[in-house]
Amino acid sequence: MKVRELERLEFDRLRARVAELADTPMGRRIVEELLPTTDAGEAVRRLAETEEALACLPKVPSLSGATDVRPWVVRAEKGGVLSPEAFLALRAHLRAAERLRRALAEASRERPLSHLLAYAERLASLPAFVEEIEWVLDERGEVLDRASEELLEIRRRLRQLDARVREILQDYVRNPEFRQHLQESVIAFRAGRPVLPVKSGSAPVFGGRIVDVSQSGYTLFVEPESVVSLGDKRQALVAEEAREIERILRRLSRKAGAHARELLASHEALGTLDAIFARARYAAELRATRPTLRPRGRIALRGARHPFLPPA
């Protein structure tokens with residue numbers, strides 16, 4: 001069909017409505033790029049996919065947690081290190097793929113779903129990889145202590161050091177001789193170092209170093225002399241922790257790269273299925289029925305109406 005004809009039919013508006021019914025950015029993108037076909041075989045296939053999806057729509061789980069993982073998979077395949085957020089996205093994709101595959105397998109016991117199952121076969125099933133992601137990361141994307149013995153030991157030493165520093169700084173806060181020089185009786189952190197908020201002009205009382213200054217200039221954030229060396233040790237441990245976290249994420253990224261082919265195929269299949277179910281939701285919304293296509297025959301539109309016109 002010509003562009004002008006599609007505009008007259010408000011095809012863009014119709015397509016936008018179907019895209020709204022997709023759960024994932026991949027599904028929406030596929031719908032947004034969809035055009036009418038003049039190929040009878042292609043038209044029959046699309047209608048069959050939509051009919052199958054419509055029949056099992058009540059059993060289909062939401063795919064809303066799945067996002068576009070292709071950039072991260074490509075990065076891992078090329079040897080790049082993925083962020084924790086990328087691994088949470090991969091886990092969400094694999095969980096969604098697993099739920100959908102099981103739902104379609106169950107629905108196929110009641111009626112044939114040959115078109116949908118052909119896509120479902122390409123959905124990745126990597127339970128061991130999902131388990132490893134869950135072993136390494138919590139729900140917020142923080143690397144857990146248990147991710148490696150080295151990380152557990154580094155963080156144990158950090159906690160011990162932090163407890164010692166807090167104890168020393170609390171002594172300053174509790175001591176009336178020093179408390180009168182504090183802007184607030186609290187322990188703060190500036191540039192990753194434990195400090196005290198000291199009144200301007202009182203820094204020499206504590207010795208050590210001035211780490212930061214408030215915007216007003218009335219408060220100096222001072223690391224007292226008694227904790228400077230401990231603060232240096234803490235910085236070294238924090239740097240060691242960062243290196244270990246990167247090593248852990250690099251190891252996990254290599255595994256993602258090893259599964260790149262499966263993940264990319266799964267990404268495409270999940271988006272395609274989401275787009276098909278969006279079409280089915282729109283069909284349900286309109287209470288539409290599947291037309292009968294006759295090769296080279298006349299088109300008979302009995303009781304037909306434009307989707308945006310109200311029912312007669």
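Using a probe of 1.4 angstrom and keeping all protein chains present, the accessible surface of region 36-153 works out to 52 square angstrom per residue. Once C-alpha pairs closer than 8 Å and six or more residues apart are averaged by separation and normalised to the residue number of region 115-238, the relative contact order reads 17 percent. Kindly list the residues of region 68-104 that lie in the label zone of Arg251, defined by a backbone N under 11 Å from the point 7 Å along the Cα-to-C-beta vector. No residues fall inside that zone. Helix 260-286 and the longest principal axis of the Cα set of the chain meet at an angle near 60°. Normalised by the number of residues in the chain, the average gap of Cα pairs under 8 Å and 6 or more apart makes the relative contact order 28 percent. When +1 charges are put on Lys and Arg Cβ atoms and -1 charges on Asp and Glu Cβ atoms, the dipole computed for region 124-224 relative to its Cα centre reaches about 720 debye.
The separation of region 43-78 from region 116-155, counted between C-alpha centres, amounts to 22 Å. Add -39500 (n - 2.57) for each DSSP H run of 4 or more in the chain, then divide by its residues: what number comes out at 222 nm, to the nearest 500 deg cm²/dmol? The helix contribution divided over the chain gives -19000 deg cm²/dmol. Surface composition of region 65-113: carbon and sulfur atoms hold 49% of the protein heavy-atom accessible area at a 1.4 Å probe.
Whenever you get a sec, compute what percent of the accessible area on region 169-312 sits on carbon and sulfur atoms (1.4 Å probe). That fraction is 51 percent.
The relative contact order of region 150-303 comes to 17 percent, based on Cα pairs under 8 Å that sit 6 or more residues apart. Loop-resident GluC sites (Glu not before Pro) (DSSP state other than H, G, I, E or B) in region 165-208 with no more than 15 further Cβ atoms inside 10 Å of their Cβ: Glu184.
Charges on Cβ only, +1 for Lys and Arg, -1 for Asp and Glu, centred on the Cα centroid of the chain; of Ser62, Thr289, Ala300, which one is farthest towards the dipole's positive end? Towards the positive end, the residue furthest out is Ala300. On C-alpha positions alone, give me the angle between the axis of helix 127-136 and the longest principal axis of the chain, in degrees, nearest 10. With both axes taken from Cα atoms, the answer is about 20 degrees.
Close amide H partners of Leu137, meaning residues 5 or more places away or on another chain with modelled amide H under 5 Å apart, are Leu144. To the nearest ten degrees, helix 40-55 and the longest principal axis of the Cα atoms of the chain are 60 degrees apart.
Between rounded, prolate and oblate, where does region 32-73 land on the alpha carbon gyration tensor, with a ≥ b ≥ c its root eigenvalues, rounded for a/c under 1.5, else prolate if a/b exceeds b/c? It is oblate, given that a/c is not under 1.5 and a/b is not larger than b/c. A Förster radius of 22 Å, combined with the Cβ-Cβ distance separating Ala242 from Arg156, puts the computed FRET efficiency at roughly 0.85.
Between Glu5 and Leu57, the contour length at 0.36 nm per residue exceeds the alpha carbon distance by 15.5 nm.
Listed peptides 16-26, 271-281, 32-42 appear in the order 271-281, 16-26, 32-42 once ranked by packing, highest mean of other Cβ atoms within 10 Å at the front. By the rule of a C-alpha distance below 17 Å, with chain neighbours fewer than 8 residues away ignored, the lysines paired with Lys255 are Lys78.
The values are calculated or read from the model by the stated rules, or taken from the named source; none is laboratory data. Source: prediction; values computed, not measured. Virtual Cβ from ideal backbone geometry, glycine too; neighbours counted across all protein chains shown. These area figures cover heavy atoms from the full protein model, side chains too; ligands, DNA and RNA do not enter into them. Shrake-Rupley method; radii C 1.70, N 1.55, O 1.52, S 1.80 Å.
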